[in-house]
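> Input: one structure, supplied below.
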Amino acid sequence: MAKPNYSFEKRQRELAKKKKQDEKAAKKRAEREGKPDTAPEPGQG
């Protein structure tokens, strides 16, 4: 019986984690670009 390749499994987990982080960052970036903050915030003027 073949022994498990833990290095491969770890690499796959790391890639999945990075992909999820990238998707989250892209979503945040899209939200930020979608709503321009040109209006001054209340209490700053």
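Every number here is computed from the coordinates shown, using simple stated rules; none is lab data. Computed from a predicted model, the values in this text were never measured in an experiment. Methodologically, a virtual Cβ is constructed for each residue, glycine included, from the backbone with ideal geometry; neighbour enumeration extends over all protein chains shown.
> All other residues with a Cβ under 14 Å from the Cβ of residue 30 taken together, and with Lys, Arg as +1 and Asp, Glu as -1, what is their net charge?
+2
> Run the quick spin-label model on residue 6 and residue 19: label points 7 Å from Cα toward the beta carbon, then report their separation in nm to one decimal.
In this crude label model, residue 6 to residue 19 measures out at 2.4 nm.
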